[in-house]
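Please read the structure below before turning to the comments.
The values are calculated or read from the model by the stated rules, or taken from the named source; none is laboratory data. All figures in this text were calculated on a predicted structure; none of them were measured in a lab. When the accessible area is computed, the model is the full protein with side chains, heavy atoms only, and any ligands, DNA or RNA have been set aside. Shrake-Rupley method; radii C 1.70, N 1.55, O 1.52, S 1.80 Å.
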Amino acid sequence: RGLGDVYKRQHILYNVLMKKILCYGDSNIYGFIPKTCGRYAKNERWSGILSELLKDKFEIIEEGMNNRTGFFKNPEGLKQSGGEYLSVYLQNHKDINFCIISLGTNDAQFFYNLNEDSAKAGLQNLINSVYEANPKTQIIIVPPVKITPNILTSGFSMMFNQDSIEKIKKTFPVYKQKAIENKCLYFDFNEIVTPSEADGLHYTIDSHKIIAKNLAEFILNI
């Protein structure tokens, strides 16, 4: 057998041994830059940094989308409707070992009726979609960003208001409750970082680094 066969076997073995982590969420996984509205480079956004930190043991799959909702149908389309799209996406990705679900912030926009009941139903739907694709997948629930009043003087004031800030606060117990009920893990970014002062919604480059470092330690300790 030639070197080609050896490399082929090594590639197959690598794919079998490497565990896959799906990072499924909104603009803070996508890497939205608060001040420029651009996108952080792969080595600057937390999911990309996580890929580098865990490259010897895990394959990181980034599936972030700007303005993606988790619980409500988004008029922008299927991919922005996170609750609907996850089950579609997982049809061809049933071999996910970990799924980080980070959604719910955009559901607080004043276009939608976010409350504890809609958060419960929406989060349960996301969890069900993962388990239906692969019951062995370990889910990590990440609650929404605790948006700050800075958002009211940013360009996002066209989507969020003071009521949005209060809506998000009321849903936090739901995330922890659903994590416990469904035997999911729970990791709250709000305990280690705060959103940028520029828009009160998206993370700075330093916050992305902090998230990646702490999340990597969390995953390695599981």
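For a quick check of understanding: with a 1.4 angstrom probe and all protein chains in place, what accessible area in square angstrom does Met159 have, to the nearest ten? For Met159, the solvent-accessible surface is approximately 60 Å². Every helix of 4 or more DSSP H residues in the chain counts as -39500 (n - 2.57), and over all residues that averages to -13000 deg cm²/dmol at 222 nm.
By accessible area of protein heavy atoms, probe 1.4 Å, what ranking do Arg39, Arg68 get, highest first?
Details: Arg39 110, Arg68 0 Å².
Sorted by accessible area, descending: Arg39, Arg68.
Relative to the 2.2 N^0.38 Å rule of thumb, the range 3-160 has a C-alpha radius of gyration ratio of 1.16. Amide H to amide H, with H built 1.01 Å from N, Ile61 comes under 5 Å of Ile21, Leu22, Cys23, counting only residues 5 or more places away or on other chains. Heavy-atom accessible surface of Asp206, to the nearest 10 Å², is about 90 Å², with a 1.4 Å probe and all protein chains retained. Only protein heavy atoms count here; on that basis, with a 1.4 Å probe, Ile21 has an accessible area of about 0 Å². Ellipsoid semi-axes for the range 63-130, based on the Cα gyration tensor and the rule √(5λ), read 20, 13, 9 Å when sorted largest first. The HN-Hα couplings worked out from phi for the range 19-31 by the Karplus form 6.51 cos²θ - 1.76 cosθ + 1.60 (θ = phi - 60°) are 7, 10, 10, 8, 9, 10, x, 10, 5, 7, 8, 4, x Hz, whole numbers, x standing for Gly and Pro. The long axis of helix 3-17 is offset from the longest Cα principal axis of the chain by roughly 40 degrees. With no solvent and one equal point scatterer placed on each C-alpha of the range 85-222, evaluate the Debye formula and give log10 I(q)/I(0) for q = 0.15, 0.16 Å⁻¹, two decimals. Once normalised to I(0) and log-transformed, intensities are -0.80, -0.90.
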